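The values are calculated or read from the model by the stated rules, or taken from the named source; none is laboratory data. Note that the structure is a prediction, hence the values are computed from the model and not measured. Reconstructed Cβ throughout: ideal geometry from the backbone, glycine too, with neighbour counts over all protein chains shown.
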Ligand code: MZP
C-alpha cells in the first residue's frame, strides 16, 4: 500500500511567529544574518559563508553577471544560470571574477595600432572606459599606455586614429609593482589623485589594475562576499547530464560553488555528479544538490556528499510542476521535515549541512519564516527578477513597468538547447514552467535593504541575534483562515 503522510502540505502563509523576550542583546542593529553555505564539521568554520541568507536562483531571467556582482556586494550569493552553453556560462563566471574589488585583470585591452573606433566599440558594448594598451593587446602584455575617456573626443577625433596617438604613454603614468598591498595601492591612488593604478611585473608587463571606485565600494559595502584575492564570490548552476565537461570549465573560470539544478534531486544522477566532483577535486570544489522535499531524499544526497541541499518542488512562482505531474509538497512542510533530518544528520555524523529553501517566497516575512523553520538560506527567483540587475527585459504595459520572468522549465528557457542541438532534437513533450511579467521594482540595493530590515526586526521581536539561535528558539503557530482575515486590514474602508 502507498505511504500517506500524516499532515497536509503547508506553506509559509499558514504560519506566524510568536515573539519572545527582546533584550538589548538582540536589537535589530545587533542581529547578524551571516550563514553557512557549505557543509562543515561542527566546531569548525564553514569554508563558504554568506553575510545575508539570500541567494538568487540559477535562472536565465534572474542570475547574470550584473546580478552576481550586485548581490555579492550586499553579502548575498548568485548562481549563474546553467541553461546556456558551457563556454557562455564560463565566460560569465570569468566576468564576475574579473570585476573584483581589488586587483583587476583587465579584460578589455588594445594594441597600439588599434583605432579610436575599437575603443568606442568596447565602450558601447561593455561600458568600460579605462583601456590598457599593451604590446600585443593581451591582458598581460607589456604596458605601453592607458586610454580613458579623457584622452579623446569622439565627436571630433577621426575614428581611424591609432590608439597610440591618443593614449597617455607609460612614461606619464603612475604605476606600481606586483606585490604591493591593496591598502598601499589605494593610498597611492589617493596621493596622486588618479582613478586607476596599473600594477606591473618586473619586466613591465601588465599584471592588474586597481580602481578608485572599487575602494569606494568596499567602504560602502562592508558585507561584500569576497575571496582571498578580493574577487566577488560567485556560484554556478549545473545539470547532471553534461557535468564532466561543464564542471571543469566552470572551476577553471573561477566558480566558487556549484549547484545541481533539478526540480527532483532524489536521483542516482545527482549522486554520480557529486561523486565526480568529490573524486576529481578531493573536497576543493563544493557542490550543492536538490531539490528535495522530505527526509529520505535529504539523507540520500547528504550521504552522497552534497555540500548543501536545496528544498522545494513545485512552489516556484513560475512553476506548474504540481499541475503537470502531480508531485511536490507545500514549502513550509518540506522545510520543517528536512530541517529535522539535517539536525539528526548533524547529531549522528558531526557534520552540519546547510539547507536552502528554494522558491515560493512571496512576502518578505516568508524569508523570516523559512529561517525560523530551519533554513540556512533562501533561494529566490521572482524576488530578484524584478530588479534592474536581472538580465531580463524591462517592458511597459499600460502605464506601468514590468520585467519579464520565465521558468527554467518553460519552453522559452529550454530553447537554448534546441538551438545548440539542432531544431527538433530536444523537443519538449510538456513544459513545467510559464513565461510571465512581474512588476518592476528598481535597484536591488534599495529593495534588499527593506527586506533585510524586516527580517532583522522580526528576529529581534523573537529574541534572537543570529540565524543558528533562531533555529533553536523560534516559536511558530499555524493560523486559521479566520485569523488570516484578522491579520489584514478589516472592517473598514482603506483610503489608499
Ligand atoms: P520563485 O522565487 O520565483 O518563487 O521560485 C524560483 C524557483 O523556482 C527556482 O529557484 C527554481 O527552483 C524553481 N523553478 C525555476 N524554473 C521553474 C520552472 O520552470 C521552477 N518550473 O520551478
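Data table
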{"item": "Qualifying residue in the range 269-290 (condition: over 19 Å from residue 47 (Cα atoms), in contact (Cβ under 8 Å) with a residue 24 or more places away in the chain and within 17 Å of the chain's Cα centre (by Cα))", "result": "yes"}
{"item": "Residue list for the range 275-303, filter: assigned to a helix (DSSP H, G or I) and surrounded by 22 or more Cβ atoms within 10 Å (Cβ to Cβ)", "result": "277, 297, 298, 301, 302"}
{"item": "Those strands (runs of 3 or more DSSP E) lying entirely in the range 30-143 with at least 1 residues closer than 30 Å to residue 315 by Cα and under 20 Å from the mean Cα position of the chain (by Cα)", "result": "54-56, 77-80"}
{"item": "Residue 267, sole failed condition from (1) within 16 Å of the ligand (Cβ to nearest atom); (2) surrounded by fewer than 18 Cβ atoms within 10 Å (Cβ to Cβ); (3) modelled with pLDDT under 95", "result": "(3)"}
{"item": "Filtered residues of the range 444-489 (kept if part of a loop (DSSP other than H, G, I, E, B) and surrounded by 12 or more Cβ atoms within 10 Å (Cβ to Cβ))", "result": "462, 463, 464, 465, 466, 474, 475, 479"}
{"item": "Yes/no for residue 405 being touching a residue at least 12 places away in the same chain (Cβ under 8 Å), surrounded by 19 or more Cβ atoms within 10 Å (Cβ to Cβ) and more than 11 Å from the ligand (Cβ to nearest atom)", "result": "no"}
{"item": "Among (1) surrounded by 14 or more Cβ atoms within 10 Å (Cβ to Cβ); (2) out of contact with any helix residue (DSSP H, G or I) (no Cβ under 8 Å at 6 or more places or on another chain), the one test that residue 156 misses", "result": "(1)"}
{"item": "Subset tally (residues that are farther than 28 Å from residue 181 by Cα and surrounded by 23 or more Cβ atoms within 10 Å (Cβ to Cβ)) for the range 79-117", "result": "5"}
{"item": "From 316, 326, residue being out of contact with any helix residue (DSSP H, G or I) (no Cβ under 7 Å at 6 or more places or on another chain) and away from the ligand (no atom under 13 Å from the Cβ)", "result": "326"}
{"item": "Members of the range 224-245 that are in contact (Cβ under 8 Å) with a residue 40 or more places away in the chain, within 16 Å of residue 84 (Cα to Cα) and more than 12 Å from the chain's Cα centre (by Cα)", "result": "238, 239, 242, 245"}
